[in-house]
Structures are given as C-alpha cells and as structure tokens.
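Presented below is the structure to which this report refers.
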Amino acid sequence: MGNSAEVFISGAGMTNFGWQKDSLMTELGAEACSKALKSAGITMNEVEALFCSHSFGGRVVGQRILRFLGTRGIPVINLENACAGGSSAINMAWAAVASGQYQTVIALGVEQMSRGLIPPNADNYEAALGLTLPAKYAMRAKRHMKLYGTTEKQLALVAVKNTENGSLNPYAKNQIPLTLEQVLAARMIAEPLTLYQCTGNADGAAAVVITSKRRGNNQVRIRASVLGSGRYTSIKDEGLSADDELARRVGKLAYELAGVGPEDIDLAEVHDAFTIGEILAYENLGFCPVGEGGRFVEEGQSKRNGRLAVNASGGLIARGHPLGATGVAQACEVFWQLTKQAGERQVERARVGLTHTAGGATPNIGSGACVVSIFSI
C-alpha cells in the first residue's frame with residue numbers, strides 16, 4: 001500500500017476459548033470488544049467502524065454485537081474468509097486506517113462452534129469421498145516425511161511445545177501440557193497425525209483497537225498486512241501445494257512491505273491447525289530452509305526461549321480454533337508479547353512479531369486465503 005500512514009494496535013481483548021454453550025455469540029463479541037476498549041483506554045464513542053469476522057454466525061453479526069455495546073450508526077463490515085477470517089478483518093481495518101478513511105476502528109473475530117462440526121464446502125466432491133482436512137494435512141505430512149526424512153517424533157514435538165505454552169495462557173482451551181509419549185500414543189486421526197496433533201473446535205472472540213493515533217507506550221505498529229487467495233500457476237511446476245506456494249508469496253510481500261526479513265522476526269503466531277502445518281510454516285515463511293522444519297522444532301529453535309518463539313500462545317492446537325476469531329487472537333498475543341503483558345509465557349526479547357493464517361483450501365480453487373501481518377514496537 002503506497003502513501004499509507006502509520007497504523008497501530010492500541011488495545012486487545014479476548015474471551016476464554018473453549019465451550020461456551022450458555023453464552024450468546026453476540027455476548028462473546030461484546031465482551032472481547034469491551035476488553036479491547038479498556039486496554040486502549042477509550043470508549044466506543046471514539047470508534048468509527050467495526051470489521052467483524054465470523055463463519056457460522058448468520059447475518060449482521062457485527063450489528064447485533066454493537067447493540068450489546070449500546071452503539072449504533074457506525075459502519076459495520078461483516079466478513080467470512082474461513083480460518084483466515086480474523087486476519088482478513090485486521091487486513092481490511094489496517095488498510096482503512098492507513099488510507100485515512102478512519103482514525104480508530106475495531107477488528108473483531110467471533111465464533112461459536114460447540115453446536116456441530118465444520119461443514120464441507122458444498123462443491124467439494126473430494127470431501128464427500130473422505131478427503132477431510134485431517135486427511136489433507138496427513139498427506140502433506142507423509143510427503144514431507146518421504147522427501148526430507150521428517151519423523152513422527154518431530155511432528156509430535158510441535159504439540160508438546162504448544163501445549164506447554166498453552167498451559168501458561170489463561171485464555172487457552174487446553175491448559176494441560178502433554179509429553180511426547182502422550183502425543184504419540186494418542187488415538188490416530190489420520191496417519192501419522194494423532195488426536196493431540198489436531199486442533200479442536202472452540203467458542204470464543206477476540207478484538208483489537210486499530211488506530212492512527214499514538215497513545216503512549218502500550219502500542220504496537222502494524223508494519224504490513226498482506227492477503228492473498230487462489231493458486232499462482234507460474235510456480236505450479238515446483239511441486240508445491242497451493243497452500244505452500246501462496247504462503248511463500250504472501251510472506252515475501254509482507255516482508256518487503258514491512259522492510260524486514262525472516263531473520264528479524266522474534267515472535268510468530270502461525271497456523272498450526274495440524275502439527276505439520278507449523279513445520280511447513282517455518283519453511284514457507286523463511287525461518288529455516290525447505291525440508292528442515294522437523295529439525296527446527298526438534299532442536300528447540302521454535303521454543304519460547306529458542307531462536308524464534310513460535311506459537312507462544314499455545315497456537316491453534318492448545319489455545320483453540322474458533323475460526324473467525326483465530327487471526328485476531330494471534331494479533332492479541334503479539335500485542336501482549338511486544339508490550340510485555342504476556343505474563344508467564346512472556347518472550348523477553350520480542351520486538352518484531354508476525355502472524356500467519358490460512359484457510360478455505362479446496363481442490364478446485366487452490367488455497368482459499370492466506371494472510372501474513374508483521375508488527376513491531
């Protein structure tokens with residue numbers, strides 16, 4: 001984006017992620033917004049627009065949430081972009097503020113998934129034949145193991161690391177750390193991925209206040225946010241999946257826009273819907289060479305005290321994955337980490353953070369969406 005103004009996250013708020021069947025979706029969204037406003041030290045009177053992400057909430061969810069907040073009359077943009085919906089809301093909010101259209105907005109993600117499973121895409125015949133998301137990621141894991149020697153232990157270590165981090169996150173759905181033996185011995189979902197290597201559905205909401213105004217020290221600059229979709233056929237022959245090639249292209253654009261490289265990132269929240277997803281993210285985002293993602297986690301380089309802290313929040317595996325809220329929850333974690341508000345899971349050296357989400361892949365369109373955003377203090 002050319003000629004853009006500086007844009008900041010000035011406050012963040014979340015509900016607990018987990019089963020909240022007794023709460024309305026609108027109540028969850030209002031709670032997250034109220035916490036974000038308090039964190040920023042402002043009221044709804046200063047908010048000029050709301051960007052609301054959800055997948056299964058029905059119509060005008062954002063407007064219904066505003067009613068709980070006692071506010072009407074501001075523009076509300078409701079959007080759905082599968083697992084990347086929350087990050088897409090941040091991308092749109094950032095662009096609107098950077099362009100000067102607004103000075104202060106809220107990006108909100110909210111979802112209530114405890115009432116059922118994620119339905120398949122209506123035109124996805126392969127899903128009807130059994131190619132579900134666990135099966136898709138299992139095949140990616142098998143291919144990685146064959147090409148690069150990645151081991152079942154290395155895959156499982158992602159879950160061990162992330163559940164340890166999640167045990168320190170009061171918002172996480174799963175707060176019990178797991179051992180390597182527990183992860184490997186768990187029920188097989190799609191070989192080689194066991195139960196604890198797959199994220200679970202959750203209810204929850206997360207919100208951030210995005211503004212062009214400087215508001216003291218507890219503020220994080222959004223240096224870049226790039227959204228991409230579909231397949232880039234120009235590099236199709238490299239043998240990459242649609243998800244991998246899109247993540248690499250979007251990540252490259254985000255680094256260029258932010259004026260940083262992978263070596264500058266201290267903290268990353270990436271899309272670990274399945275353990276192989278995190279390993280692929282290491283490689284696609286340039287944190288390690290292609291094929292070395294398994295060794296990257298086994299050597300402890302992605303631990304909180306490692307070379308690059310990845311999913312210090314617990315990630316999707318431990319924190320939970322309410323689709324529309326996930327990308328905003330990632331931004332909340334980066335905000336808390338960079339402003340030294342992350343408590344026991346604080347990454348002390350964190351000055352530059354990155355978020356990455358992907359979602360909506362189908363055989364006929366390739367990767368549905370991928371968003372990479374970069375933040376700094």
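Does residue 352 qualify as being out of contact with any helix residue (DSSP H, G or I) (no Cβ under 6 Å at 6 or more places or on another chain), within 25 Å of residue 8 (Cα to Cα), touching a residue at least 12 places away in the same chain (Cβ under 8 Å) and not small (Gly, Ala, Ser)?
no
Give just the number: which of (1) surrounded by fewer than 24 Cβ atoms within 10 Å (Cβ to Cβ); (2) at pLDDT 95 or above; (3) farther than 27 Å from residue 256 by Cβ; (4) of a type outside the set (Ser, Thr, Tyr) does residue 352 not satisfy?
Only one criterion in (1) surrounded by fewer than 24 Cβ atoms within 10 Å (Cβ to Cβ); (2) at pLDDT 95 or above; (3) farther than 27 Å from residue 256 by Cβ; (4) of a type outside the set (Ser, Thr, Tyr) is unmet by residue 352, namely (3).
Do we find a residue being crowded, with 24+ Cβ neighbours inside 10 Å, touching a Gly at 6+ places or on another chain (Cβ under 9 Å) and more than 24 Å from residue 113 (Cβ to Cβ) anywhere in region 316-332?
no
Residues being on the phi > 0 side of the Ramachandran plot and touching a residue at least 40 places away in the same chain (Cβ under 8 Å): count how many of those fall in region 259-296.
1
Which helices (runs of 4 or more DSSP H) does region 129-220 wholly contain that include 1 or more residues that are touching a helix residue (DSSP H, G or I) at 6+ places or on another chain (Cβ under 6 Å) and of a type in the set (Ser, Thr, Tyr)?
In region 129-220, 133-148, 152-166 are the helices (runs of 4 or more DSSP H) which contain 1 or more residues that are touching a helix residue (DSSP H, G or I) at 6+ places or on another chain (Cβ under 6 Å) and of a type in the set (Ser, Thr, Tyr).
So which residues in region 252-276 are of a type outside the set (A, V, I, L, M, F, W, C) and out of contact with any Gly (no Cβ under 9 Å at 6 or more places or on another chain)?
Selection gives 256, 259, 264, 275.
Can you tell which of 301, 337 is of a type outside the set (A, V, I, L, M), open to solvent by 10 Å² or more (accessible area, probe 1.4 Å) and in contact with a strand residue (DSSP E or B) (Cβ under 9 Å, 6 or more places away or on another chain)?
301
So residue 261 passes all but one of these: (1) farther than 13 Å from residue 154 by Cβ; (2) touching a Cys at 6+ places or on another chain (Cβ under 6 Å). Which condition number does it fail?
Residue 261 satisfies every listed condition except (2).
Evaluate region 199-218: report whether one residue or more is over 25 Å from residue 333 (Cβ atoms), buried (at least 24 other Cβ atoms within 10 Å of the Cβ) and touching a residue at least 40 places away in the same chain (Cβ under 8 Å). Please lay out each step first, then the result.
Taking region 199-218 and keeping what is over 25 Å from residue 333 (Cβ atoms), we get none.
No, region 199-218 contains no residue that is over 25 Å from residue 333 (Cβ atoms), buried (at least 24 other Cβ atoms within 10 Å of the Cβ) and touching a residue at least 40 places away in the same chain (Cβ under 8 Å).
Which numbered condition in (1) within 18 Å of residue 209 (Cα to Cα); (2) of a type in the set (Gly, Ala, Ser); (3) over 20 Å from the mean Cα position of the chain (by Cα) is the only one that residue 58 fails?
(1)
Please verify whether region 234-257 includes one or more residues that are within 30 Å of residue 42 (Cα to Cα), open to solvent by 10 Å² or more (accessible area, probe 1.4 Å) and not in a helix (DSSP H, G or I).
No - not one qualifying residue is present in region 234-257.
On the basis of being polar (S, T, N, Q) and over 19 Å from residue 201 (Cα atoms), does residue 43 make the cut? Before you say what the answer is, go through the steps one by one.
Numbers: polar (S, T, N, Q): yes; over 19 Å from residue 201 (Cα atoms): yes.
Spelling it out, residue 43 is indeed polar (S, T, N, Q) and over 19 Å from residue 201 (Cα atoms).
Residue by residue, here is whether (1) more than 16 Å from the chain's Cα centre (by Cα); (2) not acidic (Asp, Glu) holds:
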site	(1), (2)
256	yes, no
271	no, yes
284	no, yes
294	yes, yes
301	yes, yes
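Quick check on residue 129: is it within 16 Å of residue 208 (Cβ to Cβ) and either aromatic (Phe, Trp, Tyr) or modelled with pLDDT under 95 (or both)?
no
From the list 13, 41, pick out the single residue that is of a type outside the set (A, V, I, L, M, F, W, C) and either touching a strand residue (DSSP E or B) at 6+ places or on another chain (Cβ under 6 Å) or over 26 Å from residue 375 (Cβ atoms) (or both). Write out each step before concluding.
Working: 41 fails: either touching a strand residue (DSSP E or B) at 6+ places or on another chain (Cβ under 6 Å) or over 26 Å from residue 375 (Cβ atoms) (or both).
Criteria check complete, one pass: 13.
The values are calculated or read from the model by the stated rules, or taken from the named source; none is laboratory data. In this text, all values refer to a predicted model and were calculated from it rather than measured experimentally. In this analysis, Cβ positions are derived from the backbone assuming ideal geometry, glycine residues included, and neighbour counts consider all displayed protein chains. The accessibility values were calculated without ligands, DNA or RNA, using every heavy atom of the protein model including side chains. Shrake-Rupley method; radii C 1.70, N 1.55, O 1.52, S 1.80 Å.
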